[in-house]
Structures are given as structure tokens and as C-alpha cells.
1. Can you name the residue in region 92-102 that is on the phi < 0 side of the Ramachandran plot and over 13 Å from the mean Cα position of the chain (by Cα) and, of all such residues, is most open to solvent (accessible area, probe 1.4 Å)?
2. Taking VAL40 as the residue in question, decide whether it is in contact with a His (Cβ under 8 Å, 6 or more places away or on another chain), open to solvent by less than 90 Å² (accessible area, probe 1.4 Å) and modelled with pLDDT of 90 or more.
3. Does SER21 qualify as being among the small types (Gly, Ala, Ser) and either at positive phi or without any contact (Cβ under 8 Å) to a residue 60 or more places away in the chain (or both)?
4. Report yes if GLU100 is at pLDDT 60 or above and not in a helix (DSSP H, G or I), otherwise no.
Amino acid sequence: MNDIMPLLSHTFEGEPQPGVSARTLYVFLGLNPATYARWVKRNILLNQYARENADWEGIQPSVEYRMETSRGGQKADDYVLSIEFAKRLAMMTRSAKGEEARQYFLACEKALHEQHRLPQVQDPGLQMLIEMA
């Protein structure tokens, strides 16, 4: 799988799962850098279909996104997004980059499901033990 966005290790609602930086997604989608804060507010913070700590969570800003000001600099806010939520945001973009991101997240989800697939055996009793474990 071609990694077009680095995945972050994160825990959503006590369940470890990969995520992606909202800022990284925003930059990848080619959206206007001047409107990042407005995009976050409208699409993440005030999104009635997104839940904090389940779909997204605020994280410590990355040094690479330090916004320079006349007072020496200020770090820009960032959020870790679940793969599913990042995919939904990419789909809302309705652009070639949005579709490319959506396909990437679908591949990430498929790889994650493959890792967690339980082995199948012929013995029904042994299969039941595997599923219980």
C-alpha cells in the first residue's frame, strides 16, 4: 500500500487503532492554508455526526506546523482523526485528491481487518475456542 499520509498510533474509546492528522489530511487535499481553522471548526468540532474521543481528538501540535507570528511563533491546533472519519471528510471534499484519500483509507481499513482476521480451522470445537480467545 502506498502511504500517502502517515498513520498515527492512537486510542479511540479505549481501543487502539490508527488515525491520521487533520492538518496532514487538509494539506493533502490541497485546501487553502488560510482557512484551516474554519475547516476544522465546521467539519470536525461542530460536526453533529462526529464524536470527540470516538472520531477525533485534539493532540499536541507538531513542530512542523508552527505558525510564525510577530511574537515569536504559535503552534497551530491539530487533531487525530479515526480512519473512518478521515475517509468521510475526504469524501466531502469532492475532488480528485479527496477520492485518492478515500481510496487510501479504504486500503488502510482493509489491511487492518486482514490483521485482525481470525484463522479458520475445520474442527468446529477448535474454531469455537479460537473465537472465544
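1. Residues of region 92-102 on the phi < 0 side of the Ramachandran plot: 92-93, 95-102.
Add one more test, that the residue is over 13 Å from the mean Cα position of the chain (by Cα), and what stays is 92-93, 95-100.
Working: MET92: 104, THR93: 37, SER95: 46, ALA96: 86, LYS97: 81, GLY98: 2, GLU99: 81, GLU100: 78 Å².
Looking at residues that are on the phi < 0 side of the Ramachandran plot and over 13 Å from the mean Cα position of the chain (by Cα), I get MET92.
2. Working: in contact with a His (Cβ under 8 Å, 6 or more places away or on another chain): no; open to solvent by less than 90 Å² (accessible area, probe 1.4 Å): yes; modelled with pLDDT of 90 or more: yes.
No, not satisfied.
3. So SER21 fails the test.
4. Working: at pLDDT 60 or above: yes; not in a helix (DSSP H, G or I): no.
It is false that GLU100 is at pLDDT 60 or above and not in a helix (DSSP H, G or I).
The values are calculated or read from the model by the stated rules, or taken from the named source; none is laboratory data. Remember, predicted model here, so these are calculated numbers, not experimental data. With ideal geometry, Cβ positions are generated from the backbone for all residues, glycine too; neighbour counts draw on all protein chains shown. Ligands, DNA and RNA are excluded from the accessible area calculation, which covers all protein heavy atoms including side chains. Shrake-Rupley method; radii C 1.70, N 1.55, O 1.52, S 1.80 Å.
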